[in-house]
């Protein structure tokens, strides 16, 4: 009998995407393997895109932001995850371990969508969400 293939959905934290885009050695071997596994469905939240857009100058991404996002969609097969009202409402009910509203949104999305987060943020791991680092 043939095994049924089920892709694994994984939500990327914004810093993981940047580390991939910059091809930095800070990206762990495990994270790189997750990103390169073609059977994984990688989700990139609108919240992460918004966060990066607000930090363009500081991150020196002003002219490269859109091309980097397009490369991620093309090369990693990123699926853009929209922000729904239920995500917003749930983010407000999370314990205040993490103060960053973008990370709180990612945690909310991961919990409600039932997907792990690929993140190196230790505060994210303090929530009842599966974290891959």
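The values are calculated or read from the model by the stated rules, or taken from the named source; none is laboratory data. Keep in mind that what you see is a predicted model, and the values were worked out from it rather than measured. Virtual Cβ from ideal backbone geometry, glycine too; neighbours counted across all protein chains shown.
Tabulated values for the structure
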{"item": "Any hit, the range 58-66, residues being within 29 Å of residue 111 (Cβ to Cβ) and assigned to a helix (DSSP H, G or I)", "result": "yes"}
{"item": "Identity of the residue in the range 85-133, closer than 21 Å to residue 41 by Cα and over 14 Å from the mean Cα position of the chain (by Cα), that ends up surrounded by the most Cβ atoms within 10 Å (Cβ to Cβ)", "result": "87"}
{"item": "Qualifying residue in the range 42-54 (condition: assigned to a loop (DSSP other than H, G, I, E, B) and either modelled with pLDDT of 95 or more or over 15 Å from the mean Cα position of the chain (by Cα) (or both))", "result": "no"}
{"item": "Residue, nearest to residue 35 (Cα to Cα), within the range 110-133, restricted to residues that are assigned to a helix (DSSP H, G or I) and touching a strand residue (DSSP E or B) at 6+ places or on another chain (Cβ under 6 Å)", "result": "110"}
{"item": "Number of the condition not met by residue 72 [criteria: (1) free of Cβ contacts under 8 Å to residues at least 40 places away in the same chain; (2) more than 18 Å from residue 129 (Cα to Cα); (3) part of a helix (DSSP H, G or I); (4) touching a strand residue (DSSP E or B) at 6+ places or on another chain (Cβ under 8 Å)]", "result": "(1)"}
{"item": "Residue list for the range 43-68, restricted to those being touching a helix residue (DSSP H, G or I) at 6+ places or on another chain (Cβ under 8 Å) and free of Cβ contacts under 8 Å to residues at least 60 places away in the same chain", "result": "44, 48, 49, 50, 51, 52, 53, 56, 59, 61, 65, 68"}
{"item": "Residues satisfying the stated conditions in the range 8-24, i.e. at pLDDT below 95, over 16 Å from residue 110 (Cα atoms) and either assigned to a loop (DSSP other than H, G, I, E, B) or in contact with a strand residue (DSSP E or B) (Cβ under 9 Å, 6 or more places away or on another chain) (or both)", "result": "23, 24"}
